[in-house]
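Before any comments, here is the structure.
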Amino acid sequence: MENSKSKDPLHGITLQKIVEQLVEYYGFDTLGVLIKIKCFTDNPSVKSSLTFLRKTDWARKQVEDLYIKTLPKLLK
């Protein structure tokens, strides 16, 4: 058996970790501009964002896509 790593960059990363890292890197103001969803613009918090993103697949996909694009900058 081969011990190979998953090629999925999201493998093993929770949605909470994704949101926290994006908020730390961009801040809610910039996130609200990059991804136009209310949980980033109106009284934003990690908790309210997670609640919304867990229920809304299209918004979660946008956040995950932004995280994947931002990942090289986060790893520096």
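So with the 1.4 Å probe, I'd like the accessible area per residue for the chain, rounded to whole Å².
75
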Divide by every residue of the chain the summed helix terms, -39500 (n - 2.57) for each DSSP H run of at least 4, and state the resulting mean residue ellipticity at 222 nm, rounded to the nearest 500 deg cm²/dmol.
-21500 deg cm²/dmol
Would you work out the Kirkwood radius for segment 5-76? I mean one over the mean of 1/r across all pairs of different Cα atoms, in Å.
12.3
Using Cα-Cα distances under 8 Å and only pairs 6 or more residues apart, what relative contact order does the chain have, in percent?
30
Distance check, please: which entries in Lys7/Lys73; Lys7/Lys69; Lys7/Lys61; Lys55/Lys76; Lys36/Lys76 exceed 21 angstrom between their Cα atoms?
Lys55/Lys76; Lys36/Lys76
If you place +1 on the Cβ of every Lys and Arg, -1 on the Cβ of every Asp and Glu, and leave all else neutral, what size is the dipole of the chain about its Cα centre, to the nearest 20 Debye?
60
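Taking K and R as +1 and D and E as -1, what net charge do the other residues with C-beta under 12 Å from the C-beta of Thr70 add up to?
That works out to 0.
The values are calculated or read from the model by the stated rules, or taken from the named source; none is laboratory data. As the structure is a computational prediction, the values presented were derived from the model and not from experiment. Ideal geometry is used to build each Cβ from the backbone, glycine not excepted, and the neighbour counts take in all protein chains shown. Accessible surface is based on the protein model in full, side chains and every heavy atom, while ligands, DNA and RNA are left aside. Shrake-Rupley method; radii C 1.70, N 1.55, O 1.52, S 1.80 Å.
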